[in-house]
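As structure tokens, the structure follows; a few thoughts come after it.
The values are calculated or read from the model by the stated rules, or taken from the named source; none is laboratory data. If you're wondering where the values come from, they're calculated on a predicted model, not measured in any experiment. All Cβ positions, even for glycine, are placed from backbone atoms using ideal geometry, and neighbour counts span all protein chains on display.
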Amino acid sequence: MPIYTKKGDRGETGLPGKRRLPKTDEIFECLGALDQTNASIGVALSFIDQKEEKELVKFLERLQCDLLSVGSTIAAESPGSSQLLPIFSQRTLELEHQIDQWDAQLPELKNFILPGGCQAAAVIHLTRVTVRQAERAFHRLDSITGLEPIAVFLNRLSDYFFQCARYLNMRANKPDIIWKSSDNIY
């Protein structure tokens, strides 16, 4: 069976419940940003030492699954009645726990830092940005009533990726690069 259906050739895409919407609909901005975030995690995973960081790899792969669950919930005919919503509250608690663990290990931040460092951290910083895009797109949707667990999850997820990038740089012995105001650069 071919992967193409030709049903979207005229600028519409199908959603559950036999709904067809223009590809320019806000929901596809959100779903696309979630997909971009998921792909970015995949790139980051290709730079992470699978043996040294088994727990992190497993957690990032689970986050990839969670992002697909977020997308399927948003795309559902009745998103507010999704049985997946309680999962996002639990995942948010897990994100906060990991952020707190990294906070205890990482140097205290007193300044803004520049994104970058080792390859994995640089991609994770990019992932953080795509999560923020997804979060903004999510909040532009009309049908987010009852989806507060997703809103909180997406917000915390960007915090998680910020600390994850710092953690990966620490493991690679790459210090945070402190931002300097443009007037102090030269």
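Looking at this structure, is LEU141 closer than 19 Å to GLU55 by Cβ and out of contact with any His (no Cβ under 8 Å at 6 or more places or on another chain)? Reasoning before the result, please.
Working: closer than 19 Å to GLU55 by Cβ: no; out of contact with any His (no Cβ under 8 Å at 6 or more places or on another chain): yes.
Answer is no for this residue.
If I ask for residues that are under 21 Å from TRP179 (Cβ atoms) and either surrounded by fewer than 11 Cβ atoms within 10 Å (Cβ to Cβ) or touching a Lys or Arg at 6+ places or on another chain (Cβ under 6 Å) (or both), which ones from the range 84-111 would you list?
If the condition is that a residue be under 21 Å from TRP179 (Cβ atoms) and either surrounded by fewer than 11 Cβ atoms within 10 Å (Cβ to Cβ) or touching a Lys or Arg at 6+ places or on another chain (Cβ under 6 Å) (or both), then LEU106, PRO107, GLU108, LYS110, ASN111 are the ones that fit.
Which of the residues belonging to the range 158-186 are touching an Asp or Glu at 6+ places or on another chain (Cβ under 9 Å), over 18 Å from GLU55 (Cα atoms) and either among the charged types (D, E, K, R) or at pLDDT below 90 (or both)?
Initially, the range 158-186 is screened for residues touching an Asp or Glu at 6+ places or on another chain (Cβ under 9 Å), giving 158-160, 163, 166, 168-171.
Applying the additional criterion that residues be over 18 Å from GLU55 (Cα atoms) yields 158-159.
If the condition is that a residue be touching an Asp or Glu at 6+ places or on another chain (Cβ under 9 Å), over 18 Å from GLU55 (Cα atoms) and either among the charged types (D, E, K, R) or at pLDDT below 90 (or both), then ASP159 is the only one that fits.
Can you say whether ALA33 is touching a helix residue (DSSP H, G or I) at 6+ places or on another chain (Cβ under 6 Å), at pLDDT 95 or above and of a type outside the set (Val, Ile, Thr), as far as the supplied structure shows?
Details: touching a helix residue (DSSP H, G or I) at 6+ places or on another chain (Cβ under 6 Å): yes; at pLDDT 95 or above: yes; of a type outside the set (Val, Ile, Thr): yes.
Judged against the criteria, ALA33 is a match.
Residue check: is ASP142 surrounded by fewer than 17 Cβ atoms within 10 Å (Cβ to Cβ), more than 15 Å from the chain's Cα centre (by Cα), within 18 Å of ALA76 (Cβ to Cβ) and of a type outside the set (Lys, Arg)? Explain how you work it out, then say what you get.
Working: surrounded by fewer than 17 Cβ atoms within 10 Å (Cβ to Cβ): yes; more than 15 Å from the chain's Cα centre (by Cα): yes; within 18 Å of ALA76 (Cβ to Cβ): yes; of a type outside the set (Lys, Arg): yes.
Against the criterion (surrounded by fewer than 17 Cβ atoms within 10 Å (Cβ to Cβ), more than 15 Å from the chain's Cα centre (by Cα), within 18 Å of ALA76 (Cβ to Cβ) and of a type outside the set (Lys, Arg)), ASP142 qualifies.
The rows are residues; the columns are (1) out of contact with any Gly (no Cβ under 6 Å at 6 or more places or on another chain); (2) within 24 Å of ALA120 (Cα to Cα); (3) in contact (Cβ under 8 Å) with a residue 40 or more places away in the chain.
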site: GLU26; (1), (2), (3): yes, no, yes
site: LEU34; (1), (2), (3): no, yes, yes
site: THR37; (1), (2), (3): yes, yes, yes
site: GLN50; (1), (2), (3): yes, yes, no
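Go through the residues of the range 52-61 one by one and say whether even a single one is crowded, with 18+ Cβ neighbours inside 10 Å, in a helix (DSSP H, G or I) and either more than 17 Å from the chain's Cα centre (by Cα) or small (Gly, Ala, Ser) (or both).
no
Given the criterion within 19 Å of the chain's Cα centre (by Cα) and surrounded by fewer than 18 Cβ atoms within 10 Å (Cβ to Cβ), identify the matching residue among ASN155, ASN173. Can you show your working first?
Values: ASN173 fails: within 19 Å of the chain's Cα centre (by Cα).
Residue meeting the stated conditions: ASN155.
Taking the condition in a loop (DSSP other than H, G, I, E, B) and either loosely packed, with under 11 Cβ neighbours inside 10 Å or within 15 Å of the chain's Cα centre (by Cα) (or both), does PRO2 pass? Please lay out each step first, then the result.
Numbers: in a loop (DSSP other than H, G, I, E, B): yes; either loosely packed, with under 11 Cβ neighbours inside 10 Å or within 15 Å of the chain's Cα centre (by Cα) (or both): yes.
Answer is yes for this residue.
Condition test on VAL43, is it in a helix (DSSP H, G or I), surrounded by fewer than 18 Cβ atoms within 10 Å (Cβ to Cβ), touching a residue at least 12 places away in the same chain (Cβ under 8 Å) and of a type in the set (A, V, I, L, M, F, W, C)? Talk me through it step by step, then tell me what you get.
Values: in a helix (DSSP H, G or I): yes; surrounded by fewer than 18 Cβ atoms within 10 Å (Cβ to Cβ): yes; touching a residue at least 12 places away in the same chain (Cβ under 8 Å): yes; of a type in the set (A, V, I, L, M, F, W, C): yes.
Taking the combined requirement at face value, the residue satisfies it.
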